[in-house]
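The values are calculated or read from the model by the stated rules, or taken from the named source; none is laboratory data. These numbers come from a predicted model, not from an experiment. Neighbour counts are summed over all protein chains in view; Cβ atoms, including those assigned to glycine, are modelled from backbone coordinates with ideal geometry.
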Amino acid sequence: MTGGGAGRGHLSGAVTAAFALALLLLTASCAGTFERPAPVDEGPMRARAVSRTEDGVRVAAAVPSASESRSIFGVDLEEHGIQPLWLEIENGSRRNLYLLRTGLDPEYFAPREVAYLYKSSFNDQGEAALGEHLEALSFDSRSPIRPGETVSGYVYVNRADPTMMVDVDLIGREWSKRIGLVVPVLGTEASRQRLAALARLHEDAQIVDIGDEATLRTALENLPCCATSETGNERLPLNLVLIGDLAEWGPAFRRRTYRYAPVAPLYAFGRVQDLSGRKVSRWVPSQPQSVRVWLTPLRYQGAAVWVGQISTRLGGRFAPSEEDTRGIDPDVDAARNDVVQDLLYSQGVSKIGFVGGAGVASGAEEAGGAEPRYRTDGLRAVLVFGGDAVSLADIDFFDWERLVDHGWQKAGTPPMR
């Protein structure tokens, strides 16, 4: 009896070992080695790269298409929401320069971090080989870019549509420079065409050139008070003004983790918002302010003037994701101020002020006929962008309205309008 039991035990052990071997072979067949792809011609990508030169430093950037990305990296980065950004920096200055990758995306990915996402697709050797491949292609920000040197490579950032707002921060000895670029993302042609149309939005005869602060203040106060529904019913106050090119204020929003996002349509100047977005984080719920922006026919000292609407859906980050402008937090001024503070920390704002003109909607809403219910001090924040990074201590101010002199808070219990 004992001998027979031992035999069955040996047989059972043999079966178990065979099963383990088969499982190992099966796993090995599913998770194999990584084969480094052949070098890809970067000519087409370089040809469509967006570039800009300042202080003798040329910066160029491009985003590879989905098919180009798979050919270059050997894996589908898009399935994990990762977008490789090709960057080239030519140092025509006389100083060593360093790239600050965090400025491109505060939540960028290290090459080996990206490789770890594919650990189930490759064995240990394959994952290591993929990591080495991604690292070899990445932009080396640890070494200086020496005078006369040109360095290129990829930075692995979060996907952005329809364009990527690229903020290139460079530092040297007692020197720093910020260069902004708006880089198209292939595969989003319809959205990019809309952005390109902004440059042709106003005929030359419609452009209003403004050269002094007093005239600018009057012009901003005379802008429409509110964004409207498609049929013209006033909905929410236009409470933000941005002065500068998209390549200047767009990267400032991105630096504070705002991304393009579709939101419910509102109208100004007879058209739906030109751009919209929200703050986004992959790891924790973000503040839920919705940003809508329209290009105006105004130009201040040659810079474009944009007007925007900032609001927060009722319930904040705990509200349903669907946008509903009738279900907004009534404190629209707090939403405006949160966005302003965020942008001040971006170090892209050189000047700030407040003007009147952001009134309370007077018309009834279409659905249910209820009056819009929100509070406002009637002010719109004005932010000027451009130039090098600006610390909080160096921000200049327009001598206009002061927040301390306004606000429903001073009247005690705020009225619901």
Whichever residue in region 106-145 is among the small types (Gly, Ala, Ser) and either touching a residue at least 24 places away in the same chain (Cβ under 8 Å) or part of a loop (DSSP other than H, G, I, E, B) (or both) and, among such residues, is surrounded by the most Cβ atoms within 10 Å (Cβ to Cβ):
Ser138
The strands (runs of 3 or more DSSP E) lying wholly within region 235-301 that contain at least 1 residues that are surrounded by fewer than 22 Cβ atoms within 10 Å (Cβ to Cβ) are 258-260, 275-279, 289-300
Give me a count of the residues in region 56-86 that are under 28 Å from Asp245 (Cα atoms) and modelled with pLDDT of 90 or more.
14
Which of the residues spanning region 52-78 are free of Cβ contacts under 8 Å to residues at least 12 places away in the same chain and charged (D, E, K, R)?
Arg70, Asp76
Does region 398-410 include one or more residues that are assigned to a strand (DSSP E or B) and either modelled with pLDDT of 95 or more or closer than 26 Å to Leu266 by Cα (or both)?
no
Only one of Arg336, Arg380, Arg326 is basic (Lys, Arg) and at pLDDT below 90, namely Arg326
